[in-house]
Every structure is written in C-alpha cells, then in structure tokens.
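*Asks:* Handing you this structure, nothing more for now.
The values are calculated or read from the model by the stated rules, or taken from the named source; none is laboratory data. Only a predicted model underlies this, so the values are computations on that prediction, with no experimental measurement involved. Here the Cβ positions follow ideal geometry from the backbone for every residue, glycine too, while neighbour counts run over all protein chains shown.
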Amino acid sequence: MSERAIELEVLRYNPETDSAPRFQRYAIACPEEWVVLDALNHVKESVDPTLSYRWSCHMAVCGSCGMMINGEPKLACKAFLRDYDGVIRVEPLAHFPVERDLVTVIDDFMAKLARVRPYLMPKDAKAIEAGEYRQTPAELARFKRYSMCINCMLCYAACPEYALIPKYIGPAAIALAHRWNQDSRDGGREARQAEIAATEGAWECSFVGACSEVCPEHVDPAGAIQQVKIRSTVDWYTRHLMPWLKK
Amino acid sequence: MAEKVNHKPYARAVTSEWIFRHPRYVRYMVREFSCLFIGGWTLLMVWGLKQLAAGPDAWAAFLELLRSPASIVFHVLALAFAAYHSVTWFNLTPKALPLQRGEAFVPDAAIAGAHFGVWAALSLAMLYLAGAF
C-alpha cells in the first residue's frame, strides 16, 4: 500500500485560553486512499488529542463533518487527500461562529430549520388505523431530490448572502420547506410561506448558485429557492388580480 | 454534576475576500455588474428619444455622439455584458422551471435550449423590423 506525506494546516481555537483562532500544522504520512477525516482522526489518536471536530458516519450520510478544505465547503469524509497538492488548509465551516477548533455553533441553522416546519402537515389528516398515505412514483419524483438533504450546512458556508445577511433563512431550510410543499400528501404550504416567501426567505437570494455546486447530495437548493420565488409571485398576482380564485 | 462549560464562540470576520475564494463567485459578480452597462445603455436610449423629440439638429448630434470612439467602446462592452448575462441566465432556467413528464424530468438542455431559441427568434425579428435585411 503506497503512502504519501501530507501536511495539514488546521485552524485551532480554544475558547478557554485563546482570544483568537490560530493555525497549527501537522505533518503526517498516510495511505493513498485516505480522506481528510481519516487524517484528522489519525492526528487526534496519535499526534494531538486536543484537536476537536465533529464526525460520525464516515460515509457522507450524517452531515456532521462539514468543514472548509482549502477554502471550499466539503464533507471531510468525502475529500480525498490525493486530490490535494501541498499543504491542506482545514478550517471550520465558514459563516458560523467557532465553538472550538473545527466545531461550529449551529444554533442559527437549527432554529431556522424548525421555523420552516420541515415535516408532513397532512392535507387530509386521518387516523393511524385508516392506513398509510399512498403516493405514486411520479408524486415521489416531484420532491425526491430535495429530500436528500443531510443538514450538513455546506450550502450555508458557500452562500455569500448568508454571510452578509445573517437573517437570511438560507438554502437548506428553504429546500426542505420546498420538499414538503412539493409533497402530494402535504397541506402545509400556506403555513410555511410566512417564513420562506418573506424578504428574509427566498427573496434574499440573488441566485449565486454556490449552494447547489457544493451540495454533496445534489439537492439543488438554488433551484428550490427559484421555484419558491416563482410560486410566491404567482400567489401575489392571484391575490391581487384574481382574488376570487382564493378561497 | 455537569461541569460548567465556558462558551465563548469566535465569530470570524466576513470580508470581501469571498469574491475571490472560488471562480464561481467572480462569475456571479460579473453577472451582477452587467446591470451597470445594461442600465447605462438604457439611459442612453431614453436620452436619444429625448433628442429625437427635440428636433433634427439634436437628433443628428446624438447620432454623431454614438459614432465617437468612446461610444463604440461602451457599446462593445455593453453588448458583451448583456450577452454574458443572457447566456448565464438562460443556462440557469432549468433550475427555476423544471418540467416533469411522468416520473422523469425534461432534460436541462431542452429547457435552456428553448430559451436560446426564443431569444434568437426575437433578435432576428427585431433586426428584420429594423430593416437589417
């Protein structure tokens, strides 16, 4: 098995002793097939046990190990070391406060996610005994790609609008709201509109499109946001020009 | 008993550096800046209409101004930016207007292609009305 020598430049921040973050370098040898997360695990186990970062599944499913790798939001478990030359710079996800080292404070995203009610609000609620809500493959296809979101927040780290306007509800939250709005079983669009059709919702987006480019699950939040804008525009015209169409 | 945790999150400053973090942000900013040229050209056309209304001398002076080197440079730039905006924008249309047929979606190229087709047809119609051929 071939090995390669790599150098990681990791952002370190200890809230108990540091007034500002600093970079620390680790030179290690590692197998060709390692990802950045493997290298961090190796550093933590054998070089510096004080290094803090989040991870869980190591297979791009849990969405915990999002970080900036050479300035680009990536899942550390999906970023192969062989794809990088020279010193690899590893920083916590951009646009989120740093809790410690590579660990960020994600409260803002969690609160925004809850605001869009990302769960089924049945159109026709029925008792459990009445059986499941059935759906055709075509109805599933309408929202499937938006349901692939793993809440990794790479899209927030890629979005300059979120960096400049922290009130912006952001790509993943809007994509997940759209996922439920597109669901044939759901009747909660009206309730979600208050959050996603507002200025701080879809209209804050100027279609940079970075969210969709960095999404590890190909969710396409940028597409979801533009579709929310179109539906909100149709809503507005219906309400003002054809009020009789509204119930 | 739980140990007291010292929360002191560090907020890293947001600077304009993000524009150069990845080429996609530069491409985006170029698209945003295209509005200056397109807006400028629109104002020039409004001013041209005013000159047309003011009489033949004012109109001739306006046409003379359009032939100046500065005006030609501006028009070449405005055309380049307008084309860049249109092309990048039409390429994004499949994201905003996905068309589902059964379980599959119409290919992105077909949706963007339809926009390019209509763009070409309208441009040709304009040139025809302007007497270009």
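*Asks:* Among the candidates A:C159, A:C205, which residue alone is within 27 Å of A:L102 (Cβ to Cβ) and either at pLDDT 95 or above or acidic (D, E) (or both)? Full working, then the answer.
*Replies:* On the way: A:C205 fails: within 27 Å of A:L102 (Cβ to Cβ).
None of the other options fit; the residue is A:C159.
*Asks:* B:V73: surrounded by 12 or more Cβ atoms within 10 Å (Cβ to Cβ) and either under 30 Å from A:A141 (Cβ atoms) or over 17 Å from the mean Cα position of the chain (by Cα) (or both), yes or no? Show your work before the answer.
*Replies:* On the way: surrounded by 12 or more Cβ atoms within 10 Å (Cβ to Cβ): no; either under 30 Å from A:A141 (Cβ atoms) or over 17 Å from the mean Cα position of the chain (by Cα) (or both): yes.
The answer is no for B:V73.
*Asks:* Is it true that some residue in region A:52-63 is within 30 Å of A:A198 (Cα to Cα) and among the charged types (D, E, K, R)?
*Replies:* no
*Asks:* Does B:R31 meet the test of being at the interface with another protein chain (Cβ under 10 Å from one of its Cβ atoms) and touching a residue at least 40 places away in the same chain (Cβ under 8 Å)? Spell out how you get there, then give the answer.
*Replies:* On the way: at the interface with another protein chain (Cβ under 10 Å from one of its Cβ atoms): yes; touching a residue at least 40 places away in the same chain (Cβ under 8 Å): yes.
In short, yes.
*Asks:* Within the bounds of region A:31-43, is there any residue that is aromatic (F, W, Y) and more than 22 Å from B:A11 (Cα to Cα)? Give the steps one after another, and end with the answer.
*Replies:* Narrowing region A:31-43 to residues aromatic (F, W, Y): A:34.
Applying the additional criterion that residues be more than 22 Å from B:A11 (Cα to Cα) yields A:34.
Yes: region A:31-43 contains one or more residues that are aromatic (F, W, Y) and more than 22 Å from B:A11 (Cα to Cα).
*Asks:* Tell me whether region A:135-156 contains one or more residues that are more than 13 Å from chain B (Cβ to nearest Cβ) and modelled with pLDDT under 95.
*Replies:* no
*Asks:* I've got another one for you. Among the residues of region A:19-26, is any of a type outside the set (S, T, N, Q) and over 30 Å from B:A11 (Cβ atoms)? Break it down into steps so the answer makes sense when it comes.
*Replies:* First, the residues of region A:19-26 that are of a type outside the set (S, T, N, Q): A:20-23, A:25-26.
This time we only want the ones that are over 30 Å from B:A11 (Cβ atoms), so: none.
For region A:19-26, residues of a type outside the set (S, T, N, Q) and over 30 Å from B:A11 (Cβ atoms): absent.
*Asks:* Then there is this: Under the condition of being among the polar types (S, T, N, Q) and more than 12 Å from chain B (Cβ to nearest Cβ), which residue from region A:208-247 is farthest from B:W18 (Cα to Cα)?
*Replies:* Within region A:208-247, the subset among the polar types (S, T, N, Q) is A:212, A:226-227, A:232-233, A:238.
Narrowing further to those that are more than 12 Å from chain B (Cβ to nearest Cβ): A:232, A:238.
Values: A:S232: 30, A:T238: 39 Å.
Filtering region A:208-247 for residues that are among the polar types (S, T, N, Q) and more than 12 Å from chain B (Cβ to nearest Cβ), the one farthest from B:W18 (Cα to Cα) comes out as A:T238.
*Asks:* Inspect all residues belonging to region B:61-69 and state whether any of them is within 14 Å of chain A (Cβ to nearest Cβ) and of a type outside the set (A, V, I, L, M, F, W, C). If you could, list the steps in order and put the result at the bottom.
*Replies:* First, pick out the residues of region B:61-69 that are within 14 Å of chain A (Cβ to nearest Cβ): none.
Within region B:61-69, not a single residue is within 14 Å of chain A (Cβ to nearest Cβ) and of a type outside the set (A, V, I, L, M, F, W, C).
*Asks:* Right, here's the next one. Could you grab me the full set of residues in region A:55-81 that are in a loop (DSSP other than H, G, I, E, B) and in contact with a Gly (Cβ under 8 Å, 6 or more places away or on another chain)?
*Replies:* Restricting attention to region A:55-81, the residues satisfying the condition of being in a loop (DSSP other than H, G, I, E, B) are A:55-65, A:70-71, A:76-79.
Listed by number, the list holds a single entry, A:A76.
*Asks:* Then there's this: Find all pairs meeting these conditions: Cβ atoms under 6 angstrom apart; at least six residues apart or on different chains; first residue within region A:15-28 and at the interface with another protein chain (Cβ under 10 Å from one of its Cβ atoms); second residue assigned to a loop (DSSP other than H, G, I, E, B) and aromatic (F, W, Y).
*Replies:* So the pair list comes out as A:P21/A:Y13.
*Asks:* Okay, moving on. Check B:V46 against each of (1) within 14 Å of chain A (Cβ to nearest Cβ); (2) over 21 Å from A:C205 (Cβ atoms); (3) modelled with pLDDT of 95 or more and name the one condition it does not meet.
*Replies:* All conditions pass for B:V46, except number (1).
*Asks:* Please state which of the following conditions A:T199 fails to meet, knowing it meets all the rest: (1) within 29 Å of A:E72 (Cα to Cα); (2) touching a helix residue (DSSP H, G or I) at 6+ places or on another chain (Cβ under 9 Å); (3) of a type in the set (S, T, N, Q); (4) away from chain B (no Cβ under 14 Å).
*Replies:* The failed condition is (2).
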